[in-house]
Structure formats: structure tokens, C-alpha cells
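Below you will find the structure I want to go over with you.
The values are calculated or read from the model by the stated rules, or taken from the named source; none is laboratory data. Keep in mind it's a predicted model, so treat the numbers as computed, not measured. Quick reminder, even Gly has a Cβ in these numbers, built from the backbone with ideal geometry, and neighbours come from all protein chains shown.
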Amino acid sequence: MTPHDELLDNVAAYALGVLPAAEAADVEAHLQTCEQCRAEYRDLRPAVTAVAYSAEACADPTVGGVTASPLLKARIMRRVRAETASQRKAPRYSPAYVLAAACLAVAILVGLVNLSLSRKLNREVAQSALQSQTIADLTAPDSRRYEFSDGMVVMRGDRVYLTMHDMHAPPPGHVYQAWTLARGAKRMAPSMTFAPGNGGVAFVKLPESATNIAAVAVSVEPEGGSLQPTTKPIAVVKI
Amino acid sequence: MERVRARDADAFEVLYDQYHRLVYGVAFRVLSDATAAEDVTQAVFLRIWSDPALFRDGNFGAWVARIARNRAYDILRSRALHPQSELPETLPIEDAIEETVLANINGERVRLALEQLPPEQREPIELGFFGGITHDQIARTTGQPLGTVKTRIRTGLRRLRAALQETVTV
């Protein structure tokens with residue numbers, strides 16, 4: 001076996017996801033420069049996907065598999081439909097007003113007076129602020145604001161908003177994830193995952209209640225998020 | 001997914017019907033626990049609903065299976081069943097590689113193809129994918145040298161790929 005054959009074996013282990021982090025990083029670096037290994041990776045990835053699909057048979061009742069309870073679907077769809085129903089009841093505003101208000105609110109938050117910022121705001125930011133409550137919270141004089149180097153946490157009532165600017169796109173296969181620390185808790189709890197828009201701006205309303213939050217943090221996590229931070233937080237804000 | 005991004009609950013239900021067995025099956029194979037597998041399934045689908053932008057492009061089935069496996073691994077780690085695990089926190093990059101699995105792929109057909117592999121190739125592949133362990137842990141589990149394990153993983157994946165050539169393509 002040649003040294004390069006050994007590298008190809010490592011590519012297979014990498015595709016399967018069984019390499020320790022350090023070796024995986026070596027393979028990733030090698031893939032950047034070796035077309036033969038890239039081709040091998042492209043060839044093997046669908047086989048790895050197929051291994052995942054083999055588990056589908058475990059949940060196929062026609063072949064005697066263990067199936068998820070029908071109540072599971074009912075639980076999930078009840079939450080989904082409840083959310084869509086509440087959205088339909090939300091008051092509607094002129095799109096021009098909403099967009100302008102959203103741009104204004106976020107510009108205030110990030111402390112930038114440069115009007116060019118509004119051109120950087122992406123559609124996700126505007127969509128995130130498409131609630132009158134959000135706009136009122138962000139612009140209200142009684143909202144509590146906690147600044148950090150690249151953004152701010154804003155609280156009003158029991159609502160929590162996180163805005164960040166000058167963010168880089170997360171590495172491939174990763175997202176940013178917010179974390180909250182409840183008062184008296186010793187460990188961070190997972191909150192939302194998000195990604196910045198093209199202008200490097202992110203704006204999210206966290207689902208947690210502001211009344212019980214002692215700190216907010218942000219870290220880079222694998223797609224889908226994590227239950228515990230797996231990387232050092234890029235921001236930590238004490239409330 | 002476009003309709004799901006537009007907050008179409010009916011489209012989301014279709015997505016659930018199409019992929020819940022894959023998500024639940026992966027979680028169940030990793031965790032061997034029906035209740036925990038349902039928890040993973042619920043978490044994965046509600047995460048997709050709340051943040052559909054997480055899925056960018058490529059094959060949705062491959063992506064959602066990876067998310068399910070990641071979630072299940074998180075639970076394994078939180079249970080401290082693998083306190084010595086050296087698994088990377090990240091999964092292999094795929095963004096530069098468009099992976100397309102034809103629509104007629106199905107779990108039973110893949111399962112049969114896996115069963116056709118020699119046991120010495122199938123075992124490390126399944127241990128690696130569903131067991132949440134690294135290649136050297138696979139070597140210790142199977143009693144084989146590490147180099148042999150890696151070669152068998154590669155040979156097995158290539159055979160699987162060839163066996164599924166009619167249903168899997170890039």
C-alpha cells in the first residue's frame with residue numbers, strides 16, 4: 001500500500017465521520033489540494049448517506065420496524081399549526097413602513113448612524129422585525145440594552161432580542177447558536193441557531209423569557225445546533 | 001422546502017411524512033431507545049420549522065439524517081455513555097460537494113445492500129455511523145488493526161456505492 005492509498009483510506013474514514021478532530025482537520029486540509037482524494041470523497045459520500053437510509057427500515061412498519069408514535073406527529077403539527085394560526089391573526093402593516101421601521105430599529109441597536117447600513121440589511125433582518133411588538137421594543141426608551149463588542153442584547157418586558165454586526169459567515173456545516181443562562185443555573189441552555197445576512201448583520205428574538213436570564217452567549221456550532229456549547233463562545237453578555 | 005420556508009404548514013406535514021422514518025430510524029439506531037428517538041425526531045422537525053434557512057442546498061435527506069445523528073450523538077454524550085469519545089464536534093464538510101440521491105432510494109433496499117457486504121466490512125461501517133465511536137475505538141471493539149479497519153471501511157463503502165449505483169448517484 002502506498003502512502004497515498006493510506007490517505008484514501010483516511011478519506012473514507014473521514015466521509016463516515018469516524019476520524020478524531022485532529023485527523024479530520026488533516027484530511028480536510030489535504031482535500032483542498034488533492035483532486036484524487038476529492039473525487040474519492042465525492043464517490044463515498046452517497047454511500048454514507050445510504051447507510052443513514054438503512055436506518056429508515058428500522059422505522060418502516062411494513063418490514064416489522066419500530067415506528068414513531070402517531071402522537072408524535074400530532075404533537076409536532078399541533079405546534080406548527082398553532083404558530084401559523086397566530087401569525088395569521090397578527091396585524092398587517094404597510095410593507096414600506098415595516099421595512100423602514102425595521103431598518104431604523106436595527107440601526108439604532110447596532111449604534112451605527114451610517115445610513116449605508118440600511119442597504120446592508122438583508123431580507124432576514126427585515127423579516128425578523130416584522131412584528132409591531134418587536135419594533136416597539138427595540139425603540140422604546142424603557143428597553144434595557146446590554147452592549148458587547150459586536151452587538152447588543154435588548155430586553156423589554158419578558159422579551160429578549162440579540163443583534164450582532166460585522167459577523168463572518170460561519171464555517172461550512174456550522175451555524176451560530178445563542179445560549180442563555182437562567183438565574184441560579186450553572187450551565188448554559190441552548191437557544192436559537194442563526195446565521196448573519198450578507199451584510200454581516202444578524203437579528204433574532206430569543207424564545208426565552210427575559211425575566212429569568214442572567215447571561216446570553218453566542219458560539220459557533222454544527223448545523224442543527226448543540227445541546228451544550230462545543231466551541232468557545234464568541235460573545236458573552238452578563239445581564 | 002421553499003413552501004416550508006414560506007411557513008406553509010401543509011408543506012411541512014408532507015416533509016414530515018416523507019422524512020420522519022429516516023430521522024427516527026437514525027436516532028433509534030444510535031440511541032436504541034424509542035422515547036429518546038422520538039425526542040430527537042421532534043427536536044429535529046421543530047428546528048427545521050423554526051429555522052428552515054438552516055438547510056441551504058444539496059440533498060435534504062442526507063442533511064436531515066446528519067442533523068438527526070448529531071442530535072442523537074449529543075444525547076449519547078450527555079448520558080456520558082462515551083466519556084472517552086474523541087469524536088470531532090463537527091461532521092464532514094459537504095458544502096462544496098453537491099450530493100444528489102435519486103428519489104427512489106429507500107431504506108429497505110439499502111438495508112439489503114448492506115447485508116450483502118461481508119461482515120468484516122459491514123460491521124465497522126455500522127459501528128462508525130450508528131455507534132458514535134472513532135476508528136481506533138472500532139479497531140479495539142473488533143480486535144482488528146487500525147489500518148485494516150480503515151481499509152475495510154473504504155472497501156465496504158465502495159462496494160455499497162457500487163451496489164446502489166442504480167439508485168444513488170452524484
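So that you can scan it fast, the table gives a plain yes or no per residue for (1) in a helix (DSSP H, G or I); (2) surrounded by 23 or more Cβ atoms within 10 Å (Cβ to Cβ); (3) out of contact with any helix residue (DSSP H, G or I) (no Cβ under 6 Å at 6 or more places or on another chain):
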| residue | (1), (2), (3) |
| --- | --- |
| B:Q18 | yes, no, yes |
| B:R29 | yes, yes, no |
| B:A37 | yes, yes, no |
| B:T41 | yes, yes, no |
| B:V44 | yes, yes, no |
| B:W49 | yes, no, no |
| B:A65 | yes, yes, no |
| B:R69 | yes, yes, no |
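Out of the range B:34-65, which residues are under 19 Å from A:T49 (Cα atoms) and basic (K, R)?
B:R56 - this is the single residue of the range B:34-65 that is under 19 Å from A:T49 (Cα atoms) and basic (K, R).
Would you tally the residues in the range B:51-63 being touching a helix residue (DSSP H, G or I) at 6+ places or on another chain (Cβ under 8 Å), farther than 20 Å from B:G128 by Cα and within 9 Å of chain A (Cβ to nearest Cβ)?
Of the range B:51-63, the ones touching a helix residue (DSSP H, G or I) at 6+ places or on another chain (Cβ under 8 Å) are B:52-55, B:59-62.
Filter once more, so that each one left must be farther than 20 Å from B:G128 by Cα: B:52-55, B:59-60.
Still in the list and also within 9 Å of chain A (Cβ to nearest Cβ): B:53-55, B:59.
The total comes to 4.
Of the conditions (1) at pLDDT below 90; (2) assigned to a helix (DSSP H, G or I), B:N104 satisfies every one except a single condition; which number is it?
(2)
Sticking with this structure for a sec: Just to confirm my filter: which helices (runs of 4 or more DSSP H) fall fully inside the range A:21-124 and include at least 1 residues that are modelled with pLDDT under 90, touching a Gly at 6+ places or on another chain (Cβ under 7 Å) and closer than 30 Å to A:D137 by Cα?
On the way: elements: A:21-31, A:35-54, A:70-89, A:95-109, A:117-120.
Filter on the range A:21-124 gives A:117-120.
Out of the residues in the range B:21-38 that are touching a residue at least 24 places away in the same chain (Cβ under 8 Å) and over 13 Å from the mean Cα position of the chain (by Cα), state the one that is farthest from the other protein chains (Cβ to nearest Cβ).
Filtering first and then ranking leaves B:A36.
Going by the conditions given, is A:S226 within 14 Å of chain B (Cβ to nearest Cβ), modelled with pLDDT of 90 or more and under 29 Å from A:A25 (Cβ atoms)?
No, not satisfied.
Going by what's in this entry, would A:M155 be described as of a type in the set (A, V, I, L, M, F, W, C) and in a strand (DSSP E or B)? Talk me through it step by step, then tell me what you get.
Numbers: of a type in the set (A, V, I, L, M, F, W, C): yes; in a strand (DSSP E or B): yes.
So A:M155 fits the description; yes.
Condition check ((1) more than 7 Å from chain A (Cβ to nearest Cβ); (2) touching a Cys at 6+ places or on another chain (Cβ under 9 Å); (3) modelled with pLDDT under 90) across all residues:
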| site | (1), (2), (3) |
| --- | --- |
| B:P92 | no, no, yes |
| B:A96 | yes, no, yes |
| B:T100 | yes, no, yes |
| B:Q121 | yes, no, no |
| B:G131 | yes, no, yes |
| B:H135 | no, no, no |
| B:T142 | yes, no, no |
| B:I153 | no, no, no |
| B:A163 | yes, no, yes |
